[in-house]
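Every read-out reported here was derived from the displayed coordinates using simple, explicitly stated rules and does not represent laboratory data. Worth saying up front: this structure is predicted, and the values here are computed from it rather than measured. So basically every Cβ, Gly included, is an ideal-geometry build from the backbone, and we count neighbours across all protein chains shown.
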Amino acid sequence: MAATFSAFLNVKTIDVLVVGGGVVGVTAALALQQRRLKVILVDQQSVATGCSFGNAGVIASSAFPFSAHYRMANLPATFLKPSSPAALNWTSAPRLLPWAIQYARATRPDIVRRDTSLLHELCRDALHSYEQLLGIDLPPINRCGYLAVHLTPSELGEATRLNSIRTSLGGAVRMVSGPDLVELEPAMDRLMAGATFFEGAAHVTDPAAFVTSLADVFVQRGGLLRYNRIQSLESKGNGEVAVRGTREHYSPRAVVLATGVHTNQLLVGCGHHIPIAAERGYHLELDIEPGFIRRPTALPSLGVVLTPSQRGLRIAGISHFGSPGLRARPKLLLYGLKRLRRLLPMLRPRPGFEPWTGERPTSPDSLPIVERIPGHRSIFVSCGHGHLGLTLAAVTARVTADMVMSISSDYSNQLSSQRFGLRKRDGNG
C-alpha cells in the first residue's frame, strides 16, 4: 500500500474523491476506477465501520418498499405496539415531518407498484453487478438462497399474495413446507406454518470483512485510501470542488458523497436537502455452534433475520426511525430475541457481546438516491439504500460512475431526489 500511496501523491490531478468507506462508497470507488479515473476514497475512521459492519449480510433477489407493508394511517399504532418490529424516536418526529409527507405519497397504490417493480429490477442485477465490478477479485459469496419464515396461517396467506407479485416480476421464489422445509433448515421445522424460499438470494458470512476485501482490491488496483474527516465542500468556477478535511484538503474534479445519514450535513452549502431518515438497525452474536442454520432465515413478523456467522449465528434487524444521531434502544432487538426464544429457547446472547447498532439511511420510498446535485455539476450523492445497502451497492456504483462520466440512463431520473418533487435550482450544472 505504501508504494501505491507514494505514486498517487505524485499525480497532480484527482479525478474523483469518494467520501464514505461503507459498501456504497467502496463499490462506487471501484466503479469509477474501472473507468480509468484517478480515485481517492476517504473515510473518517476506517472502511466498514457503519451499517456495513453490522447487518444480516444478505444480497437479496427481490424487495418491497416499506410503504408496501405499512400505510401511513397504520404507523402510529405500529410504533406504539411494544412487540412491533418498527419503532419511532418520538423526539425526532417534528424533524421527520417532511420525510413523513413524502412517505405518505409513496404509499399511493400506483407509486407502490412502480417502486416495487423498480426494486425487483435492481435486485435482479445485484450479483451480476458485483461480478462485473470485481471479476476474479470477488470475495466468496454464499449462493444458497434465503428463507422467510411464516409463523401463522394469516402470515402465510399474506406471503402467498406477495409471492405472486414477486413471480410476476421475474422473482425465483417458492413456498416450502413439510419435508422440503425440514431439508432446507432442520432447526426451523417446529416454528412455521410455511416459508418462502428465495432461490436467487445470497449472503456473506462477515459483511465487514467482505467490504474490507473490496477496499483492498481498490488499493491493489491503484486507488488511494485516506482517513480524514471531511468538514465542508464548495464548488469552484472551473468545475472543481474545494473539499476541506481535518487533516487534508482536496481539489478533485468531482466528489461523490456516500455518507449515508450524514449526507445532508455536507450539502448545507449547496442549497440542497435529500429526504432521508435515520433508521437504526441492531445485531447481536448468539451463543450457538456453527451450522445451526445454513442460510439467512428471516422472521418478518418479529422484524429479525438469523444469519450464519463465523462464530455460529447472529440476529439482526428492527426498524428504529428517527433523525441522525437518534438515541439507540438495544432493548428493541432484545425484545425480539425474547419473543424468538419462546420458539427456539436455545438461542441466547453470546457472553461478552452487546447489541451493536448502526443508522441506515432510508428514503421515503425505500429506493436509493443517486444524483448530481442541482446547480453543482461536480458533486454527486449515492445514499438512501436502507436495508439494501449490501444488495444494491454494486448496482448504484455503476449508476454513479455513469453520472460522473456524463452517461445518461433511465436510472438518472428514477433514482434522483427530484422524484419527490423537490424544487430544482438554476446553477452551473
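The table below lists the values:
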| quantity | calculated |
| --- | --- |
| Folded to 0 to 90 degrees: helix 109-124 orientation relative to the chain principal axis, Cα | 80 degrees |
| Span from the segment 60-112 Cα centroid across to the segment 300-340 one, whole angstrom | 18 Å |
| Cα-based helix-to-principal-axis angle, 207-220 vs the chain, degrees rounded to 10 | 30 degrees |
| Peptides 345-354, 408-417 ordered by average Cβ neighbours within 10 Å, highest first | 408-417, 345-354 |
| Interchain or long-range residues, amide H under 5 Å from Leu88's placed H | Phe321 |
| Tilt relative to the chain, helix 93-106 - C-alpha long axis, 0 to 90 degrees, to 10 | 80 degrees |
| Computed lengthening from Arg36 to His128, 0.36 nm per intervening residue step minus Cα-Cα distance | 31.0 nm |
| Number of Lys pairs (Cα under 18 Å; 8 or more positions apart or on different chains) in the chain | 4 |
| Excluding exposed DSSP-loop trypsin sites (Lys or Arg not before Pro) (at most 13 other C-beta within 10 Å), longest clean stretch of the chain | 343-422 |
| Residue-averaged [θ]222 nm for the chain, counting only DSSP H segments that reach four residues, each worth -39500 (n - 2.57) | -9500 deg cm²/dmol |
